[in-house]
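Peer 1: Here's a structure for you.
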Amino acid sequence: MKPPAFAYERPQSLHEALEILAREGAEARPLAGGQSLIPMLALRLARPTLLVDLGEIAGLDELSLDDGTLVAGAMVRQRRLERDPLVAHHLPLLAAATRLVGHPAIRNRGTLGGSLAHADPSAEYPAVALALEAELVIRGPGGERSVPAREFFLGPFTTALADGELLTAVRFPLPSAATGWGIAEVARRHGDFALAGAVTLVERAADGTCARAAIALFGVATRPVRATAAEQALVGQPLTAETFHEAAVRATEAIDEPLSDVHGSAVYRKQIVPVVVRRALEAAAQRVQAT
Ligand SMILES: Cc1cc2nc3c(=O)[nH]c(=O)nc-3n(C[C@H](O)[C@H](O)[C@H](O)COP(=O)(O)OP(=O)(O)OC[C@H]3O[C@@H](n4cnc5c(N)ncnc54)[C@H](O)[C@@H]3O)c2cc1C
């Protein structure tokens, strides 16, 4: 199918982009890498009358470190997150998550901000942002605001972004040196969206027990969710296979509305959640023990 007709603008500045979006209202859509939006147009699941291409706006594709935080512009391409030495050194979790996103051809065009704004419940980046307690920087007609990841994802393909607003950057707090990370997912083929996935962070206390844990699930609920009961079950406990098994079982408590579709039923997805959580926790523990 061909997309319906639309107009196209390529603003040179953020100010210009926001002006165009304000002028056109809900009929205009930002265009980042186009890897989700263009298929939606082709399938006529979206019918914007104007696409506002963010590709020429200076500053949106920058990566930097700022006081213990990795700041990634919304237009940073996924391929760069996979390969950039700054990411590899300071936030290898983000590089590892990127390798699970589609295929190189998709990652060459797809952007960090596009994935977060698209808010597919099965996508990896939203869960990474949730686990790391990232802040999403948003610019709109009223100025700039910063939204914590836990308040940004509202439901399937629904975020806290209002019409006329743009996601401009993401601030990822860097985990402490005593923190290990893991990411695990089950997908039908490598590069497919996950049927269930987990991102984990495990911080080791001086006595070797778990000081803090973060577990974010994706692919299983209407939006990425933190498995708080499982996280609390880990705190103060030794980093052992038994502890991880018990926490992994409790992770399913976080899923109040399980996804169910042609790729995997709700029952199946809930069954594999403990598997991916345990794998991701074991990977995190191995990394923290190697430090
Ligand atoms: C075959 C295939 C397999 C894929 N597999 C995976 C996968 O396994 N995991 C995964 O996570 N993703 C996967 N994707 C999706 C891919 O990651 C997309 O790149 C991503 O979802 C959207 O990013 P984009 O830059 O292409 O955004 P676009 O497609 O350009 O935009 C997506 C949406 O976000 C809005 N938007 C974009 N940027 C902004 C912004 N800065 N501010 C406000 N709104 C904005 C757009 O208006 C649109 O509604 C796959 C895609 C394909 C085609």
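The values are calculated or read from the model by the stated rules, or taken from the named source; none is laboratory data. Nothing here was measured: the structure is a model prediction, and the numbers come from that model. Virtual Cβ from ideal backbone geometry, glycine too; neighbours counted across all protein chains shown. Please note that ligands, DNA and RNA were not included when accessible areas were found on the heavy atoms of the full protein model with its side chains. Shrake-Rupley method; radii C 1.70, N 1.55, O 1.52, S 1.80 Å.
Peer 1: Can you spot a residue in the range 95-111 that is buried (at least 23 other Cβ atoms within 10 Å of the Cβ) and closer than 15 Å to R171 by Cβ?
Peer 2: no
Peer 1: Go through the range 15-29 and give me each residue that's farther than 21 Å from G59 by Cα, in contact with a strand residue (DSSP E or B) (Cβ under 8 Å, 6 or more places away or on another chain) and not small (G, A, S).
Peer 2: E24, E27
Peer 1: Hey, another quick one. Please return the ranges of strands (runs of 3 or more DSSP E) entirely within the range 148-256 where 1 or more residues are charged (D, E, K, R).
Peer 2: In the range 148-256, 166-173, 179-186, 196-204, 210-218 are the strands (runs of 3 or more DSSP E) which contain 1 or more residues that are charged (D, E, K, R).
Residue-wise test of (1) under 21 Å from L93 (Cβ atoms); (2) within 12 Å of the ligand (Cβ to nearest atom); (3) assigned by TED's automatic domain parsing to the domain that holds R80; (4) basic (K, R).
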{"position": "G114", "(1), (2), (3), (4)": "yes, yes, yes, no"}
{"position": "V137", "(1), (2), (3), (4)": "yes, yes, yes, no"}
{"position": "T159", "(1), (2), (3), (4)": "no, yes, yes, no"}
{"position": "L166", "(1), (2), (3), (4)": "no, yes, yes, no"}
{"position": "D207", "(1), (2), (3), (4)": "no, no, no, no"}
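Peer 1: Among the residues of the range 148-170, which ones are touching an Asp or Glu at 6+ places or on another chain (Cβ under 7 Å) and surrounded by fewer than 19 Cβ atoms within 10 Å (Cβ to Cβ)?
Peer 2: P148, F157, A160
Peer 1: Go through the range 51-80 residue by residue and tally those that are open to solvent by less than 20 Å² (accessible area, probe 1.4 Å) and within 11 Å of the ligand (Cβ to nearest atom).
Peer 2: Here the count works out to 11.
Peer 1: Which residue, of P39, P11, is closer than 18 Å to T111 by Cβ, part of a helix (DSSP H, G or I) and open to solvent by less than 70 Å² (accessible area, probe 1.4 Å)?
Peer 2: Only one candidate qualifies: P39.
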